[in-house]
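> Encoded as structure tokens, here's the structure I'll be asking about.
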Amino acid sequence: MNKVYSVCFLLLIVVFCSVLFAFEKDTLGKEDTFYHQMNAFNDLVEKNKMTMTDWQVRIKNQSEHVNNFYTQLDQFEKEYPEFERASLEENKNYVHVTFINGDYEETLLEKVKWIVSSTTKGYKIEKTYELLSNGNGELKNQQLFKDRLSTLGFDLQSSMLFYEVTAELDDTPQDLMIEAEHFVSQLGATTLEGLEEKTFVSISAYHKGWTNGIATNDDKEMNVQIALRENQELGSRTTVTFGTPIITTEY
């Protein structure tokens, strides 16, 4: 009987360790996935000889609760004088604040946005960080970027992470949808759904090696979105946008 108990105990340990390893792997993989996605999109632009026009990182933090929002506001401005308060909108229901630093790594623009709503227990703050480029700047050091986010109170493990790249093709493909599916294939993703118009197409796809994802209209998980628009103002050029897990700007 003791032998049976010993075997069962060992099996429980194996199962527990397996679950723990799987959880740890998924948790630790979120940050690595994000940087891999950034590199994959950038490589795709270079491989297809596109001209990158801009890119952006967007990180949405988990909401936090504070007793006095205005104390937090004053503290942020004292600790980070490089940020300028660009706007403050206030009404009975919420406060929306935007801070801007236009000199991050000399060529990049940082934005920190707070959406504050009052509750019965004080204030709830939802914070978003954005790093934007006009195509000329690049993220030179990922570790410094991670440290910067940590300093500002953003944790990559617990936040929602978005990355988006906009580029231009010199020539307009004969079939925009076929070109979009070609990009999906190059990424190693699988198409889930698409939208096709005369001068515009978009595809939602899923990359099984990437840990992030959101639900589609059919309750499937997606983590890649690609859009192509024929831009007549640019002659024969086509604007291409890559986003993960979705494209967060108008396209």
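> Which of the strands (runs of 3 or more DSSP E) contained wholly in segment 168-248 include at least 2 residues that are in contact with a helix residue (DSSP H, G or I) (Cβ under 8 Å, 6 or more places away or on another chain) and under 16 Å from H36 (Cβ atoms)?
Result: 238-244.
> Among (1) surrounded by fewer than 17 Cβ atoms within 10 Å (Cβ to Cβ); (2) at negative phi; (3) among the small types (G, A, S), there is one condition S159 misses while meeting the rest; what is its number?
Going through (1) surrounded by fewer than 17 Cβ atoms within 10 Å (Cβ to Cβ); (2) at negative phi; (3) among the small types (G, A, S) one by one, S159 breaks only (1).
> Hey, could you check segment 149-178 for residues that are without any contact (Cβ under 8 Å) to a residue 24 or more places away in the chain and not hydrophobic (A, V, I, L, M, F, W, C) and say which is farthest from L73 (Cα to Cα)?
Pass one, segment 149-178, residues without any contact (Cβ under 8 Å) to a residue 24 or more places away in the chain: 150-151, 174-175, 178.
Applying the additional criterion that residues be not hydrophobic (A, V, I, L, M, F, W, C) yields 150-151, 174-175.
Numbers: S150: 18, T151: 16, Q174: 52, D175: 51 Å.
For segment 149-178, the residue satisfying everything is Q174.
> Looking only at strands (runs of 3 or more DSSP E) that fall completely inside segment 45-153, which ones have 3 or more residues that are outside the structural domain of F242 (by TED's automatic domain parsing) and of a type in the set (A, V, I, L, M)?
94-104, 108-119, 122-133
The values are calculated or read from the model by the stated rules, or taken from the named source; none is laboratory data. The model shown is predicted, which means the values in this text are computed figures rather than measured ones. Positions of Cβ are generated from backbone atoms using ideal geometry, with glycine treated the same way; all protein chains shown enter the neighbour counts.
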